[in-house]
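Single-structure report; data block below.
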Amino acid sequence: VQDVHPDVAIEVGAIRGPLIPVFKRLERWIYDHADAVTVLSEDLCANVGAKTRDPSKVKVIPNFVDTGAIVPADRENAYRRRHGLTGKTVVMYAGNVGLSQSLDLVVTAAAALAHEQDLVFVINGSGTDRKELEQKARGLPNVVFVDPQGDLAEVLAAADVHLVPLKKGLARASVPSKTYSILAAGRPLLASVDVGSEVARVVEQSGAGVAVPPDDAEALTKAVRRLVENPAEARAMGEAGRRWIEGWPSPTQIAEAYEALFEELLSSGGRGSSGTRGW
């Protein structure tokens, strides 16, 4: 389970009315009939565990980060040259432009900081909300939209600050895996997320950036200004994040965790109940 549904769909209003109990019953049926369920964090573990008769079947196996493939690199790269960003201070959101992300906050922050001549907000991605977001950003010269790029490491390196915005109430149902890739790239992270959520804890534990409350445009704008006006502090945050993420599970470790889970299920005849949660 990468994102808990129907929770996410309910929170953003994609599912309403009489459909909600139907999907919730289906969700419980699926969990109850699964031999094991893997989730990305303790938040998701608590969420899913409360929806099945056997919470012990819910295991935390996070997404891996390949810290050998994603490394701190020069900001002034080919990505910047392609999109006219050379010499700019780049605040970037890279990912899905959908219902779960509070990207209208990014446009609001851009409007408030439009007087900063060398500051550019880049939204790198596509999704259901992109057209509407482009309409909101019309007339703002410091907002650039870029279609999804193939070289993740290059995209991550091109930013001075990365954004991870989630709408209020989604933290128990969604963990943006881009968080860990940003840390691997050695860039500071500005997260607009629920207090006490997985992403907020990562920011605090790693010292890799700043976390502000969700759906708070003023707080996000102030945090952007802080990081942009204090490049030494931002650089130190990126370096701290890189040091922290080097202790995160590698692709090999995650593969071994799944292999151990498969072996457990096979040896128990299907329904596994032992094993530790988390890392």
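The values are calculated or read from the model by the stated rules, or taken from the named source; none is laboratory data. Please read these numbers as outputs of a predicted model, since none were measured by experiment. Methodologically, a virtual Cβ is constructed for each residue, glycine included, from the backbone with ideal geometry; neighbour enumeration extends over all protein chains shown. Side chains are part of the model used for accessible areas, which takes the heavy atoms of the whole protein and leaves out ligands, DNA and RNA. Shrake-Rupley method; radii C 1.70, N 1.55, O 1.52, S 1.80 Å.
The set of residues from the stretch 13-33 being surrounded by fewer than 16 Cβ atoms within 10 Å (Cβ to Cβ) and either among the hydrophobic types (A, V, I, L, M, F, W, C) or touching a strand residue (DSSP E or B) at 6+ places or on another chain (Cβ under 6 Å) (or both) comprises ALA14, LEU19, ILE20, VAL22, PHE23, LEU26, TRP29, ILE30. When the criteria are applied in full, VAL199 meets the requirement of being among the aliphatic types (A, V, I, L, M), modelled with pLDDT under 95 and touching a helix residue (DSSP H, G or I) at 6+ places or on another chain (Cβ under 7 Å).
Residues checked against (1) more than 21 Å from TYR258 (Cα to Cα); (2) at pLDDT below 95; (3) in a helix (DSSP H, G or I):
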| residue | (1), (2), (3) |
| --- | --- |
| ILE10 | yes, yes, yes |
| ALA14 | yes, yes, no |
| GLY17 | yes, yes, no |
| LEU26 | yes, no, yes |
| TRP29 | yes, no, yes |
| LEU44 | no, yes, yes |
| VAL48 | no, no, yes |
| LYS51 | yes, no, no |
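If you go through the stretch 78-92 and keep only what is free of Cβ contacts under 8 Å to residues at least 40 places away in the same chain and not in a loop (DSSP other than H, G, I, E, B), you end up with ARG81, ARG82. Of all residues in the stretch 127-146, none satisfies being farther than 21 Å from ASP215 by Cα and in contact with a Gly (Cβ under 7 Å, 6 or more places away or on another chain).
Just so you know, in the stretch 31-42 the residues that are part of a loop (DSSP other than H, G, I, E, B) and of a type outside the set (A, V, I, L, M, F, W, C) include one that is farthest from the chain's Cα centre (by Cα), and it is ASP35. Return the total of residues in the stretch 188-220 being assigned to a loop (DSSP other than H, G, I, E, B) and either among the small types (Gly, Ala, Ser) or open to solvent by 10 Å² or more (accessible area, probe 1.4 Å) (or both). The number of residues fulfilling the criteria is 10. Among the conditions (1) at pLDDT 95 or above; (2) part of a loop (DSSP other than H, G, I, E, B), LEU227 misses just one, which is (2). Restricting GLU218, GLU198, GLU204, GLU233 to residues that are of a type in the set (Asp, Glu) and under 15 Å from PRO176 (Cα atoms) narrows the list to GLU198.
Of the residues screened, LEU163 is not one that is at pLDDT 95 or above and either open to solvent by 30 Å² or more (accessible area, probe 1.4 Å) or under 20 Å from GLU246 (Cβ atoms) (or both). Beta carbons closer than 8 Å, at least 6 apart along the sequence or on distinct chains, pair a first residue in the stretch 208-226 that is among the polar types (S, T, N, Q) with a second that is assigned to a helix (DSSP H, G or I) and open to solvent by less than 20 Å² (accessible area, probe 1.4 Å) for THR221/ALA109. Contact annotation: residue pairs with Cβ atoms under 6 Å, 6 or more positions apart or on different chains, pairing a residue in the stretch 53-77 that is under 19 Å from GLU239 (Cβ atoms) and touching a residue at least 60 places away in the same chain (Cβ under 8 Å) with a partner that is of a type in the set (S, T, N, Q) and buried (at least 17 other Cβ atoms within 10 Å of the Cβ), are ILE70/SER181.
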